[in-house]
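Okay, structure first, notes after.
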Amino acid sequence: MDDFTDVKLEIFTPQEYALKIRDELARIGVGVIGNYDHCVAFYPIQGYYRPLPGAEPFEGEVGKISETVEYKVEVNCRRELVNEAIRTIRSVHPYEEPLINVVPLANHLFEMKGNEKR
């Protein structure tokens, strides 16, 4: 599956950082769909993690399982912008090790033009 042109970025973050991440990604051209920009979705989720020795957690204590409400941020990104997007996310994200998933999209294989009606 090397012929994809777009990916979906999934970013897990504290709620108060979601809009900053959206805006910084939009600044570099991420989150554009057709004639729209700043296209992003936020979902509240329940996150769990345990900081290991040597970690410097944003929240929680080393060695103890933490539970927190986070936001999952989903945004489409052109493949050629992925590395810059990851650097941008890391520059504003508060976590020592932010969880960022890069998911290849196959939308280009299907008829998905915005203004075409059935």
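Relative to the dominant Cα principal axis of the chain, helix 15-27 is inclined by about 40°.
Please identify the trypsin sites (Lys or Arg not before Pro) of the range 34-102 that satisfy two criteria: DSSP loop assignment and at most 15 other Cβ atoms within 10 Å. Which are they? Could you put the intermediate results ahead of the total?
Values: sites: Lys64, Lys72, Arg78, Arg79, Arg87, Arg90; in loops: Lys64.
Hits after loop and neighbour filter: Lys64.
Once both axes come from the Cα atoms, what is the angle between helix 82-92 and the longest principal axis of the chain, in degrees from 0 to 90, rounded to 10? Between helix and principal axis, roughly 40 degrees. In order along the range 48-65, phi translates into HN-Hα couplings of 10, 6, 10, x, 8, x, x, 6, 10, x, 5, 9, x, 10, 4, x, 10, 5 Hz, rounded to whole numbers, per the Karplus curve 6.51 cos²θ - 1.76 cosθ + 1.60 with θ = phi - 60° and x for Gly and Pro.
Using only alpha carbons, the range 1-62 has a radius of gyration to Kirkwood radius ratio (Rg to Rh) of 1.08. Per-residue ellipticity at 222 nm, computed for the chain from helices alone with -39500 (n - 2.57) per DSSP H run of at least four residues, works out to -6500 deg cm²/dmol. Computed log10 I(q)/I(0) for the range 37-86 at 0.26 Å⁻¹: -0.92, from the Debye equation with unit scatterers placed on every C-alpha and solvent omitted.
Each peptide in 37-45, 18-26 was scored by the mean count of other Cβ atoms within 10 Å over its residues; highest first, the order is 18-26, 37-45. What does a probe at Val102 reach in the range 1-41, counting residues whose amide N is under 14 Å from the point 7 Å along Cα→Cβ? Hits in the range 1-41 for Val102 at 14 Å: 2-11. Computed from the Cα positions only, the extents of the chain along the three principal axes stand at 53, 28, 26 Å, in decreasing order.
We did not get these values from a lab; they are worked out from the coordinates using the rules stated. Everything quoted here is computed from the prediction, not taken from an experiment. Virtual Cβ from ideal backbone geometry, glycine too; neighbours counted across all protein chains shown.
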